[in-house]
């Protein structure tokens, strides 16, 4: 008896015919999610929206008008770019950097994996190098994204004696306070920890004349809108404000209208989801068959580096443990893990020490994990925007990827 059905003409259908419930498989269905396309606390998403063929993005390729040399960065920054073989900017970099160098406020919209971080870091590093009185506040929704921005800042500013502090929860606050005492030009942080440090009067936001809100839509989704408004209200009126994201829902438009001055909007998104990601659904007849279907998928060598999303922290941990007990090399990442544990899990996945990373949506935004072959939505995301960001972890840059979403057949 076949337990799984998939849509026609796809990778998932190719493997579906062999799906059987293996003896001894445990039921591993979601407790907090209805797999037919409706999240418990989210909106109904028509499963047909999870089906899309990958397209040849070359046909829609955006014309690149600049090289990095055209931006006339300072010699030190140019040397660091050359060391990393950065010669041709991505579309979002190509269209944003000149405006940021001119000091304009900007809203940058692009799909994930398109180089938004460098689009704002490079001109701001150049700005700080020319004028050491400049101070930059970068706010990110998650620890992982903040640490990733820190890593990029460190590489781009190597040898330039530009100091920075990264202030995120889940890590020793004492070290962060020590970094703040060096009067850094850049502070990168998550909303909760920044609010804490501001409350202790260890960060004086009135001294920051540049602000970047990265993945701002995610911060609003996570309920940080009040903190963001408080931060922006404390910044000096004369400042440069940069907003970067993949989507711009109404709340963000209101935020931009309230705090940006004549902002330019640069959009290089070619569609709601990445063109390079083949998307399909995996239909299971009932929850008891779900875990067996997943393990049959993972047994295919084509799924060599897989990011699996499920809704709750408990389900993430349970699924990772059960997969490991079944002989798969899997790690997990969720908000209850200490930062050191999260970093080790991410590094193991990035370095191909494990082929499977099970995560909550903490990993859906901003993380640049190279060569993820597949994203599997073991539970349906709460919103379609969440879906966009989940599957954006694969098919990054010039690579292709595949995304599969489990739904219950009726």
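The values are calculated or read from the model by the stated rules, or taken from the named source; none is laboratory data. Fair warning: this is a prediction, and the values are worked out from it, not measured in the lab. Cβ atoms come from the backbone with ideal geometry, glycine included; neighbour counts cover every protein chain shown.
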Worksheet item: Tell me, which residue of region 369-381 that is out of contact with any helix residue (DSSP H, G or I) (no Cβ under 8 Å at 6 or more places or on another chain) and surrounded by fewer than 22 Cβ atoms within 10 Å (Cβ to Cβ) is nearest to residue 47 (Cα to Cα)?
Response: 373
Worksheet item: Hey, residue 156 hits all of (1) touching a strand residue (DSSP E or B) at 6+ places or on another chain (Cβ under 6 Å); (2) in contact (Cβ under 8 Å) with a residue 60 or more places away in the chain but one; which does it fall short on?
Response: (1)
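In region 170-185, which residues are without any contact (Cβ under 8 Å) to a residue 60 or more places away in the chain and at positive phi? Give the derivation first.
First pass over region 170-185, keeping only residues without any contact (Cβ under 8 Å) to a residue 60 or more places away in the chain: 172-185.
Listed by number, the list holds a single entry, 183.
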Worksheet item: Looking at (1) farther than 25 Å from residue 288 by Cβ; (2) touching a helix residue (DSSP H, G or I) at 6+ places or on another chain (Cβ under 9 Å); (3) not in a strand (DSSP E or B), which is the only condition residue 331 fails?
Response: (3)
Fill in: So residue 307, is it in contact with a helix residue (DSSP H, G or I) (Cβ under 9 Å, 6 or more places away or on another chain) and part of a strand (DSSP E or B)
yes
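Scan region 51-60 and give yes if some residue there is at pLDDT 95 or above and either over 15 Å from residue 214 (Cα atoms) or in a helix (DSSP H, G or I) (or both), otherwise no.
Restricting attention to region 51-60, the residues satisfying the condition of being at pLDDT 95 or above are none.
Looking for residues that are at pLDDT 95 or above and either over 15 Å from residue 214 (Cα atoms) or in a helix (DSSP H, G or I) (or both), one finds none in region 51-60, hence no.
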Item to complete: Exactly one condition in (1) over 25 Å from residue 347 (Cβ atoms); (2) touching a strand residue (DSSP E or B) at 6+ places or on another chain (Cβ under 9 Å); (3) assigned to a loop (DSSP other than H, G, I, E, B) is not met by residue 124; state its number.
Response: (3)
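Evaluate the following for residue 174: is it in the same structural domain as residue 107 (by TED's automatic domain parsing), out of contact with any strand residue (DSSP E or B) (no Cβ under 8 Å at 6 or more places or on another chain) and in a loop (DSSP other than H, G, I, E, B)?
Details: in the same structural domain as residue 107 (by TED's automatic domain parsing): yes; out of contact with any strand residue (DSSP E or B) (no Cβ under 8 Å at 6 or more places or on another chain): yes; in a loop (DSSP other than H, G, I, E, B): no.
Answer is no for this residue.
For (1) crowded, with 17+ Cβ neighbours inside 10 Å; (2) more than 21 Å from residue 290 (Cβ to Cβ); (3) not assigned by TED's automatic domain parsing to the domain that holds residue 193, each residue gets a yes or a no:
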site	(1), (2), (3)
303	yes, no, yes
312	no, no, yes
315	yes, no, yes
345	yes, yes, yes
351	no, yes, yes
354	yes, yes, yes
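Do we have any residue at all in region 25-37 that's modelled with pLDDT of 90 or more and either under 20 Å from residue 155 (Cα atoms) or assigned to a loop (DSSP other than H, G, I, E, B) (or both)?
Keep residues of region 25-37 that are modelled with pLDDT of 90 or more, which gives none.
For region 25-37, residues modelled with pLDDT of 90 or more and either under 20 Å from residue 155 (Cα atoms) or assigned to a loop (DSSP other than H, G, I, E, B) (or both): absent.
Of the residues 333, 376, which is closer than 29 Å to residue 220 by Cβ, at pLDDT below 95 and either in the same structural domain as residue 143 (by TED's automatic domain parsing) or under 18 Å from the mean Cα position of the chain (by Cα) (or both)?
Details: 376 fails: at pLDDT below 95.
Going through 333, 376 in turn, the sole match is 333.
If only one of 80, 111, 126 is surrounded by 17 or more Cβ atoms within 10 Å (Cβ to Cβ) and at pLDDT below 80, which one is it? Can you show your working first?
On the way: 80 fails: at pLDDT below 80; 126 fails: at pLDDT below 80.
When all the criteria are applied, what remains is 111.
Among 244, 224, 231, which is the only one that is in contact with a strand residue (DSSP E or B) (Cβ under 6 Å, 6 or more places away or on another chain) and crowded, with 17+ Cβ neighbours inside 10 Å? Can you show your working first?
Details: 224 fails: in contact with a strand residue (DSSP E or B) (Cβ under 6 Å, 6 or more places away or on another chain); 231 fails: in contact with a strand residue (DSSP E or B) (Cβ under 6 Å, 6 or more places away or on another chain).
Unique residue meeting the criteria: 244.
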Discussion item. Looking at region 130-139, can you tell me whether even one residue there is surrounded by fewer than 21 Cβ atoms within 10 Å (Cβ to Cβ) and assigned to a helix (DSSP H, G or I)?
Written reply: yes
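Every residue, every condition in (1) assigned by TED's automatic domain parsing to the domain that holds residue 49; (2) farther than 21 Å from residue 361 by Cα; (3) surrounded by 18 or more Cβ atoms within 10 Å (Cβ to Cβ), yes or no:
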{"residue": "280", "(1), (2), (3)": "yes, no, yes"}
{"residue": "296", "(1), (2), (3)": "yes, yes, yes"}
{"residue": "299", "(1), (2), (3)": "yes, yes, no"}
{"residue": "306", "(1), (2), (3)": "yes, no, yes"}
